[in-house]
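K.L.:
If you scroll down you'll find the structure; I have some questions about it.
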Amino acid sequence: MARFSTSREYNGSSWGAGGSLGAASSCKPMTGTQTDALLFGRSTDTASPSVTTEKYNGTTWSASEDMVNAKRGGTGQSAAAAIFCCGDSDATNQLWDNVSWTTSVECTYNLLDGSESGTTTDAIVVGMYDVGASSESGKCQTLDGTTWSGSTDVTLPAARYGSGWGSGSTEHWHYGGINYNSSYGSPTPHTCFRTCVRWDGSSWATDTDAPDAGGTSGGLYNGSYAGGTVANSGTQGAIYHAGWNYTAADTHAKQTYTWEATW
Amino acid sequence: MANEIEKVNSIALTSIESVNDKTDANIQAFNGLEFAGYGGLTWATGGTDTHRSSAATTGTIAAFLMTGGYT
C-alpha cells in the first residue's frame, strides 16, 4: 500500500495537480472549498486516525491546531466551521471554530465507515458500523443544532465504506459500499452496492443507480469520499472518484472512474 | 410536499393570484428551493484519474479538491 501526500484538483472536465500534505496519509474528513479547505484526522498508518489538522489555501497545505483526540468521521460547511462526530473511541463531538477544536455533545450512536453531511448545526451521519454494538449497521442520526437523535435506518443492506453527500438532516445521499458478514471479517460473498439512496428529511428512497463499475455487482467501495455542495448554492452536484470493485470472489480491483451526479 | 398544502393563513391556494406582485407563473423558487419536484440523480462520466482509496474530498464539480489516500 502506497499513500499519497499529493492533492488532485478537478475543474469539471480534467484533473490537475494540487499541493502536498505534511505527510502521505489516508484521509477522510475535509470541508471547505478547493481554495479554502480544512482536513482533519488524517492517518499515516494502516487505520489509526491522527489529531492532525491542516489548512489549504488553493496552493499550499499548512499545519493548524490539533484536534482534542483522534477520530474518524466529520463534516462542515466551510473551512472555518466543522464538526468531528463519533467513530472510534467514543461518540463525543468536536467543533472547529477556525481557531481550535473543542469537545461538544455526544452522538446517539457511535458510527464508523458510513457517510456524513451537513453543518455544525444541522448534520446527518449514516451507518455503517456501530462501534458500540460491534456490528454492521444501517443506523442514521441527525443533529438539530443542539442534540443528536436517532432517525430512520437507511434502507440498504449494511454496506461499509460507501460514500455520501448532501446538505444535512433534510437531504443526504448514500452510495456504494461493501457488505461484510462479520465485523472486520472477510467479506463473503463480496457485494459492492451500485445502489444510491436518498434521504429527504423523513424517509429513504432508492435513487438512480450509479454507472456500472463492472465486477461482480457493478458497485464500488472505498473510493474518494463523494463531494457535494451545500443546498441552495445553486450549483448542486457531487463527484465520486476511483474506489474498488470485486471481479471475483476474493479479487478486488482498482478503478479510476470519475463520476458526476447532478439533480 | 407542496401539493399537500391547501391553504395559507386560511386563504385557499386557488384564491391566491400573486405573491409580492408575482404571479405563480413567474415564481420559480422560494429561498432557492424550486417548486419542481425532485427528479432523481443524473450520472455522467467525468473521465479518469489515478486510483485513490480513502482520499478526502470537498468542493463542487467545477472546483473539486481531493487529497491523500492510497493505492
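K.L.:
Can you tell me, using C-alpha contacts under 8 Å and at least 6 residues apart, the relative contact order of chain A as a whole percent?
P.N.:
The normalised contact order for chain A reaches 9 percent.
K.L.:
What is the average number of partner chain Cβ atoms found within 10 Å of a Cβ in A:1-14?
P.N.:
Taking all residues of A:1-14 together, the mean is 6.
K.L.:
To the nearest whole number, what is the average tally of beta carbon atoms from other chains within 10 Å of the beta carbons of peptide A:236-246?
P.N.:
For peptide A:236-246, the averaged partner shielding equals 5.
Read the figures in this text as sums done on the coordinates, not as results from a lab. Small disclaimer: the values here were computed from a predicted structure and weren't measured. Note: ideal-geometry Cβ built from the backbone for every residue, glycine included; neighbour counts use all protein chains shown.
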